[in-house]
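Take this structure, written in structure tokens, and hold onto it; I'll ask about it next.
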Amino acid sequence: MQTEPWPWTRLRLARANTVAIWEESAFTLEFSHERVFTRTTFLCNSPESVQFAFNLKNASFERKGPQTRHALEPLIGDSLFISDGETWRQRRRIVAPILHASRLGEFAKVMVETADELRARWTGQTGEIDV
């Protein structure tokens, strides 16, 4: 049985990989939360829980901590994902039509091409691949 890491261990893990603070069992749940020191982090593993957090109750979940912004901004810039408040509402209205489920088919080609490129890079490699 895997033991739960102490808060300092979780904090050290989160510096390199924010997903690493979660126990494997957390990914089998539709929705879970983890408290590290004074901060509670939520993990949404289903379309319904993501819709609940981002659309229905975004005011409850929108506040991003400085650590989150610091960790994500180099990867995704000052994007919708890390914005909040009025900035989030304005950006969400702009991207909503583009990201609507009815348009998913339009993204399929680029998703398949990207997966094929990744597969080609991995072809012939031996041993473990850190994904």
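Which ones in region 16-39 are at pLDDT below 80, surrounded by 13 or more Cβ atoms within 10 Å (Cβ to Cβ) and in a helix (DSSP H, G or I)?
Result: T18, A20, I21.
Evaluate the following for F42: is it among the hydrophobic types (A, V, I, L, M, F, W, C) and either surrounded by 11 or more Cβ atoms within 10 Å (Cβ to Cβ) or touching a Leu at 6+ places or on another chain (Cβ under 7 Å) (or both)?
So F42 fits the description; yes.
The values are calculated or read from the model by the stated rules, or taken from the named source; none is laboratory data. The shown structure was predicted, so the numbers you read here are calculated from the model rather than taken from an experiment. FYI the Cβ positions are ideal-geometry reconstructions off the backbone, even for glycines, and counts take in every protein chain you see.
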